[in-house]
1. Structure shown: which of A:24/B:28; A:185/A:233; A:233/B:184; A:24/B:184 lie over 29 Å apart, alpha-carbon to alpha-carbon?
2. List the residues, sorted by chain then number, that are 5 or more residues from residue A:125 or on another chain and whose placed amide H is less than 5 Å from its amide H.
3. Over the Cα atoms of the protein assembly as shown, how large are the radius of gyration and the largest Cα-Cα distance (Dmax), in Å?
4. Helix B:149-160 sits at what angle to the longest principal axis of chain B, using alpha carbons and giving 0 to 90 degrees rounded to 10?
5. Please give the average number of partner chain Cβ atoms lying within 10 Å of the Cβ of each residue in B:175-185, rounded to a whole number.
6. Take peptides B:40-52, B:219-231 and line them up by average Cβ neighbours within 10 Å, highest first, as a rough protection proxy.
7. For chain B, take the longest principal axis of its alpha carbons; what is the angle in degrees between that and the long axis of helix B:84-96, to the nearest 10 within 0 to 90?
8. So, counting K/R as plus one and D/E as minus one, what does the shell of residues with Cβ under 13 Å around residue B:186 add up to?
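Just so you know, all these numbers are worked out from the coordinates, no wet-lab data involved. All of these numbers come straight from a predicted model, not from anything done at the bench. Using ideal geometry, Cβ is built from the backbone for each residue, glycine included, and neighbour counts are taken over all protein chains shown.
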Amino acid sequence: MAQASIASVRGLVQVLQSIRSHQKLPCAVTFEPDTGLSLRFLDGGHAMQSGISLSISVFSSFQAPASITFFVPLSILLEAISTVASSMPHEIHLQYPGPDSSLLITTTEDASARTSICSYAKVATLAHHDLSSLDDMWDLQDACSQVILSGLLLREAIEDLEWTNGEVEFVLKRSPMHFALQSIKQQSLEITFPVHALDGFSCHAEEVRASYKYKHLKAAFTHVAQKEAWSAKIAISSRGVLRVTHMLTLAGGGPLAPLEAQPLLGTLTSQGHAQRTCVSKFVILPHEEERDGFCGDDD
Amino acid sequence: MKFKATLCDRGLRVLEKGFLPTLEKLGKRCQLLLGTEDVHLIQAVSDTDGLHVTARLANVVLFEEEGFKCQSRYNNQIAFSVDIVLLLKVLRAAVAHDADALEVKLAMRSIPCTTAGAAVQQRPTLAFSWRGHNVTMVQELPISQPYSQRDVEELVRQRDITSLSPFYLDLQDEVLRIQALTDKLKGMSNELLMATTKHGDLHLEVHTTGVEFGAEIRGLSVLPAAATEGLQLLVAETPAERLEEARAAGESAQVVVLQKHLAKALHSSQLTQPAQLLCGIAERGTHVHIMFVYRDPFSDGGYDDNISLSFKLPVREDTLYGGELDP
């Protein structure tokens, strides 16, 4: 049986917002010993995958005797957690398996107060799904271009492109260093990021171009609810698969457990002091004209 | 049938800032039952989406003693229905002009008919007159025909049908969190199971195919105090088990209500700021009774007998699967 307790209740709800979806499709939840908890979700059109990784450091307690994965409908999971969290408890506990193989979510409060609220949710789990397609998309080894910049800048840029109503092309050029987003329909609209804002830039060809459906970009960039600035890493593989990784901090909560686990992304976390870091990650397949018939209805 | 009175400052404030805006959120119209002791503002099931709402305001709160007249053949009671938005407009105009001596009276307005030979029509109105800065205003608010004796009796009967529950829980201490929870439950289901225990616990549960949710709000005050005598402490460790334990000992009551009714009743506390928000389940689970009790502004710590607001929530049969709505 795997269990985890987290005191940053508000922070957890906020971070889950970044992958929010109305889809009831299965989300894979994994308790990984020594690493933490992760959620992964493949959207209906099979062109986008989203996920969250919470390192052990964000939990006040975490027990997983072995790697355990189960499946729950994403929207129901997010709704259950945010409903249980609405009474602003001190801690939220996750336990699997709970009664009837459900995911059991419970809360604790200060027992000394005269009045208190104790809530629970039992989320029914779904049959096991094959994860291999998720893995294939998630961990690509081939050469890629990448850049790190402010998540806020990216969000604003993607929001600015909303009215163009079509695909957006990511353009990276090796020299001089250049990273821009261009609307496919409105060729005149191009948002170029200032060079001084770019970090860790590397480009595997003189010029790299790949375009993606707007709704996937909107889901990947604009749902992060964090108010403080955060870093986001963009990586585009030679096949044009886009990987977006947001480094988020969990707000609120009590004292942290000591940080012993490996940092999630070498250059972006500091080993020197404990941080409530959480990673929100998206993988988006490039939009190609030929794929339209194959993927079918994405809406 | 005669009604004539002068609204005092407190009455105007209580109506214009508190009770009428509260009732406006629940339905467009309300029924006024005027009497020699008090005024009832009533929204029946037909005025709302299922809630029965009664606000009682003693005449001593609303009107000046001098010049008050309420007379009719039916026990000196007068009832009619009125559009809340229009009534509020009239009162707000008076407030905006810093009105002096706001008089209200029942009047019949004669409307001459345009068709030749037809009799003059009589339309009942509530006539408001007041003096403000440089303004003397008379406004006539159209109202329904005053009720017949039978209809007045029926109105009174419906109002009184809300029997007192065996015991009540005071939700006021946790009203904000209970509101937040109830609001959140809207996305899960239209209905929820509500249970109260003599131990002072309120349970809200939702059961759907994908998720079972429960919240137990513990430590609420129980009224009357006698209801808690002789209770053994509950020993079970989870909310669901504690409810089962109370149920087995005959110390709880439960019903299924519509989420929107509970949410509306709870949110109604915002504008009138009650001191107590008493929630009880009627004998045999026929309805849920929610009463707002107000603090007496003229004494320390006492409760005001002159103002009250109560809701009757309809319930489904005590099962989450099927059952007809029992008004």
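1. Checking Cα-Cα distances, A:24/B:28; A:233/B:184 exceed 29 Å.
2. Under 5 Å from the amide H of residue A:125: A:103.
3. Every Cα atom of the protein assembly as shown included, Rg and Dmax give 31.6, 98 Å.
4. 30
5. Mean shielding by partner chains, rounded to a whole number: 3.
6. B:40-52, B:219-231
7. Once rounded, one gets 70 degrees.
8. Details: positive: B:184, B:260, B:264; negative: A:79, B:183, B:191.
Its environment carries a net charge of 0.
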